[in-house]
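*Asks:* Got a structure for you, written out below as structure tokens; questions coming shortly.
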Amino acid sequence: MSTCPFGTSRTRRWIPWLSIAVPTIGWLVFGLYPSIATIAYSFTQYSGLPGTPLNFCGLCNYRTAFESSYTDFSAAIVATVKYVLGVTVLQIGIGLGLALLLRHRRRGYGWYRALVFMPQIFSVTIVGVLFTLVFDPQSGVAEKAYSGLFGGSNAFLGSSTWALPIIIMINVWMFTGYTMLVYIAGLRAIPPELYEAASLDGAGRLRLFRSITWPMLAPATTVNVFLTAMGCVGEYALILVLTDGNYNTKTIGMYMFDTAFGLNPSLGYGSMLAMAQFVITLVIGGGLLFLLRRREVAL
Amino acid sequence: MQRALRTGGAQLICFVISAGFFALPVVYLGIQAFKSYTGFLQDPTGIPHPWTLSNFGQAWTQGDFSTEMINSLLYAVVPDVVTLILGVFLAFPVSRGYFRFSNALYAFFVFSGFLPAGLIPLFIEAQKLGLYNNRLGFIVMTSLTGAGFFFFVGYIKTIPREIDEAAAMDGCGYVRFIFTMIVPQMKPALATFGVFGFVASWNNLILPLVMLSDPGLWPVTRGLFSFFGQFSSQWPLVAAGTVIVAAPIMVVFAILQRHLVEGVAGGAVAGTRGIGQAPPVQAVDGA
Amino acid sequence: MAKFPHSRSRSRRPAAVLTAFASLAAAITGCSSGGGSSQTLVIAEWTNPAAVAYTKTVDALFEKQHPGVNIQLQTAPTAQNAWPTLQNSLLAAKNVDVLAQFAANPSDYPPASTGIKVTGTASLIASGDFVDLSKQSFMKRFDTTSQKYVMGYKNGVYGVMVAEYVNNTGLFYKKSLLDKYNMSVPTTFDQFIDDLKTFKSHGITPIYVAGKDGYQSIVWFGIVNQLLMQDLPASDAASVYEQRAQAFWDGSQNWNSSLYQQAVQRYEEVMSYIEPSAGGVSAQTAPGQWAVQSDDFPFFVDGSYDGNTIAQASSSLKFGFMSLPGTDTASWNRPALAPDLSWTVPTFAKHQSLALEWIDLFTQQSNYAGWLKATGSVSTEPSVSTPSLSWTDWLSAHAAQGYPNTTEPWVPSSAPSDAGGPVLTSMQPFGSQSPTDALDKSATDYTAATKH
């Protein structure tokens, strides 16, 4: 801890506390408290409908989830892992590719970057409308392209094989612009002298990328992998509007939303799923941070 | 000559990728808004013939977007500005370590960011505090959540701490220092989170749905949603409503986009030490 | 190092900012409190364009009859859980006088011995959140048995069901295409399959279904309904379904019993005639697409609530609505009725008597007839006939033979989804699971979820 230099000797102890007071209280009241109350619901069979009994039941929801016969839970975890893995790998790859392509400070490039970034300003509802229209196998434009290229037809969002990959791609479409921007910042921070020295040694482009660019981008990769993976662990909104969790797309977030809300909700069980999601997030997030940091240090 | 060709080629590739993959789907949706309903049904994928503007007029009146636009602006701008200011006031002493347990507090914020969000307890609480169905209450609730804080911590670390001491020696007060020295240096970060915050509030659907029952208080997304339900099969009308609602965000985005690179870059890369909060990426999930 | 301007006026700018906020805040609060003296009756229903428009008509009439009363209509679409969210916030805020509910049914109250908790509308009724309407005079306009079936609990009736559609067993057909191949409306399963074969041999895709949103369930549940109810009178439905739930619970019946084997076989046969890639077709685009493609897809799997949508998409299309003939006996192939919107009055309602008066006005013959015409619903008032629209000829003639939909066996809410029957999107032709595997899996999961 270092001392705050501002204010008189009497006020300087209090100034930092005053500075953080309002947002911290706001966070406690509107962020933390509702979260903790939700955890409490996971020990009940509460429906979530106001005016109905809580039905406290201890660990019943947790027990149900771990009974091996209950397959939805494990299927949701498998789908979540596929989703997180797919989105992270693709978004890092595509984001890096776009960053290498669009990093230059040339005329027009600002607009190209803006276009790539643009999809994430739209709400999920709008993105859902858009891609439902595009991927309709009878009247959508994707069908025309598909039958032109490969012949035959594809159910797209109604195909057990393709629905999840398509949602992964839509997720990447929406958020890869952010990954790209972080990488561009990373690229710009690499001292050009490094490349000059290596070029003199006669290194080719691929060598340059492997021995300079990629290692120097390690911090940016850490941020990107972490943010991307954490951002999509609990995803449900996009899945909700595109497939409603059908066709092998029910991730843990979607399963939670499906159970906790709706016309016949069981908020108790849903809250348990939310807790499960929290644990998965911590495990994946902690694991990633550990691995990525170790890699950064090793480099 | 060869060089000109190569830059031309690079420009072409960049244009095709950014416009073709990222902008085209949005344009495709926009085009649907200019079709008549029967025109759409007969040729769902083609160019409108004839072009019509009637969907926009119908969407505007049916969706009752005019009053809702004003509400939306209010709900997006006020919390956005307040949140940014509070975020800076929170991030500054944390990143400087100006108080005891600042690291612990930081870790605690990071950790709790992953807890499940509790809509129902939040609602009950809002009601007890008298914030339900109340314009000011809604703004208070959405203004106090300090988004962007994690990135600001990283960003402020890139501002040399020596200027704090120099300013204090000159007799500059704390509040004044933050507004005149820290805030101007954070422009890119603030612009970035200004965009994220604006977009997130503008697109937010669930919170207005839960907290605002009086139609006079609704933001435009709430109207759009009822509108979707009502005209779900009339794609051109839905597309027109979507365009109307998305237009203001696109304007804000077009104005602020040039700051985005530095903003994201500075905050994200510098903030990597101890980063944690689910990214702004998630905050955009309005629905 | 930057030079700091003189620091005398150190707090002027923040102060100015604060003042600006204060005045803005004043402006905001100033306009948030509106309407206080007059009475505001709050009515809430989910978005169904025709229903909302007609409710507004009744509201206007009510406001005219009750000067000083101001009606506020709250709506949200059922998609993406917007409606449940709105409903919950209105209930929690105790800020609604007339609340629409999806009709409940007796199977929503499993015997206490099962240990299953009541959810949804039924849990609100069981918790005493709604006013008992059985003594209200407007209840006399309705058929007591069917009202009791859906909104009854113990000795009361806690809502009035004013809309009912044919969902399961629902099938639209194009009259011109049937005429072209000299077909009449098929009445038995074999006839239906013969027609489908004929169409297929002429290069026509016989059936259109919105598989992305699971509308194939209309066929599955339709067949199950018809096999279960056979030609029993509608009044037996409750006991038939209760016996079935009991048999499942006892373990004497399960999803792989012969009735379901037979149903799944018929379902698969029908599904072999659907359009390619049906799994990706969304319910949002389907009615319009089916309507404009007048030379293809003679049949369309959908509930009667979409009749007006189809008519709107293509004014020239001649089409009809029928019940899917899922069995070999014509008299079994009746429409299953899906009870839908029911008005309730919460016990906490601030304007209870006004709320009751509003329901009274709504259910008056002439108003109710208008409602039926607007929504295409089947009438639940014996004295008001189901309206005849261009596509309802079959429905008007046969709706009276209908009976309420089968209810589900008792399943705890935390059970896996296939404990409630095969998941059609995972089963062929939409998924990869074979029908027998799907039934066996459902049976195993049902047993596991209910082991006691």
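The values are calculated or read from the model by the stated rules, or taken from the named source; none is laboratory data. Predicted model, so just to flag it, every value in this text is computed and none were measured. Heads up, the Cβs are rebuilt from the backbone with ideal geometry, glycines too, and the neighbour counts pull from every protein chain shown.
*Asks:* Taking the options B:Ser102, B:Ser112, name whichever one is surrounded by fewer than 21 Cβ atoms within 10 Å (Cβ to Cβ), at the interface with another protein chain (Cβ under 9 Å from one of its Cβ atoms), under 22 Å from the mean Cα position of the chain (by Cα) and not aromatic (Phe, Trp, Tyr).
*Replies:* From the options B:Ser102, B:Ser112, the qualifying one is B:Ser112.
*Asks:* Now for a different question. Does A:Leu263 satisfy the criteria of being of a type in the set (A, V, I, L, M, F, W, C), more than 10 Å from chain B (Cβ to nearest Cβ) and part of a loop (DSSP other than H, G, I, E, B)?
*Replies:* Against the criterion (of a type in the set (A, V, I, L, M, F, W, C), more than 10 Å from chain B (Cβ to nearest Cβ) and part of a loop (DSSP other than H, G, I, E, B)), A:Leu263 qualifies.
*Asks:* Step by step: first the residues of the range B:128-145, then only those that are within 26 Å of the chain's Cα centre (by Cα) and closer than 25 Å to A:Ala40 by Cα, then the one that is surrounded by the most Cβ atoms within 10 Å (Cβ to Cβ). Which residue is that?
*Replies:* B:Thr142
*Asks:* Considering only residues of the range C:52-69 that are farther than 17 Å from C:Asp360 by Cα and within 14 Å of chain B (Cβ to nearest Cβ), which is surrounded by the fewest Cβ atoms within 10 Å (Cβ to Cβ)?
*Replies:* In this case the residue turns out to be C:Ala53.
*Asks:* Okay, next question. In this structure, is A:Val84 within 16 Å of A:Val279 (Cβ to Cβ), away from chain C (no Cβ under 13 Å), assigned to a helix (DSSP H, G or I) and at pLDDT 90 or above?
*Replies:* Yes: the conditions hold for A:Val84.
*Asks:* Of (1) within 14 Å of A:Pro265 (Cα to Cα); (2) without any contact (Cβ under 8 Å) to a residue 24 or more places away in the chain, C:Lys148 satisfies all except one. Which?
*Replies:* (1)
*Asks:* With the requirement that a residue be over 12 Å from C:Tyr403 (Cα atoms) and crowded, with 22+ Cβ neighbours inside 10 Å, what does the range C:153-166 give you?
*Replies:* Once the filter is applied, which keeps residues that are over 12 Å from C:Tyr403 (Cα atoms) and crowded, with 22+ Cβ neighbours inside 10 Å, the range C:153-166 yields C:Val157, C:Tyr158, C:Gly159, C:Val160, C:Met161, C:Val162, C:Ala163.
*Asks:* Test B:Thr38 against the stated conditions and say whether it is without any contact (Cβ under 8 Å) to a residue 60 or more places away in the chain and either of a type outside the set (Asp, Glu) or part of a helix (DSSP H, G or I) (or both).
*Replies:* Yes, satisfied.
*Asks:* Please verify whether C:Glu357 is within 20 Å of C:Gln147 (Cα to Cα) and part of a loop (DSSP other than H, G, I, E, B), treating the condition exactly as stated.
*Replies:* no
*Asks:* Please count how many residues of the range B:132-171 are under 16 Å from B:Pro93 (Cα atoms) and within 9 Å of chain A (Cβ to nearest Cβ).
*Replies:* Summing the residues that are under 16 Å from B:Pro93 (Cα atoms) and within 9 Å of chain A (Cβ to nearest Cβ) in the range B:132-171 gives 7.
*Asks:* Same structure again: Can you tell me which residue within the range A:59-90, out of those that are touching a Ser or Thr at 6+ places or on another chain (Cβ under 9 Å) and among the small types (Gly, Ala, Ser), is surrounded by the fewest Cβ atoms within 10 Å (Cβ to Cβ)?
*Replies:* A:Ser68
*Asks:* Across the range A:1-52, which residue is farthest from the other protein chains (Cβ to nearest Cβ) among those that are small (Gly, Ala, Ser), surrounded by fewer than 17 Cβ atoms within 10 Å (Cβ to Cβ) and not in a helix (DSSP H, G or I)?
*Replies:* In this case the residue turns out to be A:Ser9.
Residue-wise test of (1) farther than 23 Å from C:Ala122 by Cα; (2) surrounded by fewer than 19 Cβ atoms within 10 Å (Cβ to Cβ); (3) touching an Asp or Glu at 6+ places or on another chain (Cβ under 8 Å); (4) of a type outside the set (Phe, Trp, Tyr).
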position	(1), (2), (3), (4)
C:Asp340	no, no, yes, yes
C:Val345	no, no, yes, yes
C:Lys350	no, yes, yes, yes
C:Leu361	yes, yes, no, yes
C:Asn367	yes, yes, no, yes
C:Thr375	yes, no, no, yes
C:Asp393	yes, yes, no, yes
C:Gln401	yes, yes, no, yes
C:Ser417	no, no, yes, yes
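*Asks:* Step by step: first the residues of the range B:224-253, then only those that are in contact with a helix residue (DSSP H, G or I) (Cβ under 8 Å, 6 or more places away or on another chain) and closer than 30 Å to B:Gly87 by Cα, then the one that is surrounded by the most Cβ atoms within 10 Å (Cβ to Cβ). Which residue is that?
*Replies:* Taking the candidates together, the pick is B:Val245.
*Asks:* Kindly provide the set of residues from the range C:87-124 that are of a type in the set (A, V, I, L, M), out of contact with any Ser or Thr (no Cβ under 8 Å at 6 or more places or on another chain) and part of a helix (DSSP H, G or I), ordered by number.
*Replies:* C:Leu91, C:Ala92, C:Ala112, C:Ala122
*Asks:* Ok, one more. Have a look at A:Thr249, A:Thr213, A:Thr281 and point out the one that is in contact (Cβ under 8 Å) with a residue 12 or more places away in the chain, in a helix (DSSP H, G or I) and within 16 Å of the chain's Cα centre (by Cα).
*Replies:* A:Thr281
*Asks:* Within the range C:303-328, restricting attention to residues that are assigned to a loop (DSSP other than H, G, I, E, B) and farther than 20 Å from C:Met183 by Cβ, which residue is farthest from the other protein chains (Cβ to nearest Cβ)?
*Replies:* Within the range C:303-328, the match that is farthest from the other protein chains (Cβ to nearest Cβ) is C:Gly303.
*Asks:* Name the residue that is surrounded by the fewest Cβ atoms within 10 Å (Cβ to Cβ), counting only residues in the range A:131-169 that are more than 14 Å from chain C (Cβ to nearest Cβ) and touching a residue at least 24 places away in the same chain (Cβ under 8 Å).
*Replies:* A:Met169
*Asks:* Now for a different question. Name the single residue, out of those in the range C:273-302 being farther than 22 Å from C:Thr425 by Cα and either out of contact with any helix residue (DSSP H, G or I) (no Cβ under 8 Å at 6 or more places or on another chain) or not hydrophobic (A, V, I, L, M, F, W, C) (or both), that is farthest from the other protein chains (Cβ to nearest Cβ).
*Replies:* Out of the qualifying residues, it is C:Pro298.
*Asks:* For the range C:420-437, which residues satisfy the criterion of being crowded, with 22+ Cβ neighbours inside 10 Å and over 27 Å from C:Lys117 (Cα atoms)?
*Replies:* Matches in the range C:420-437: C:Thr425, C:Met427, C:Phe430.
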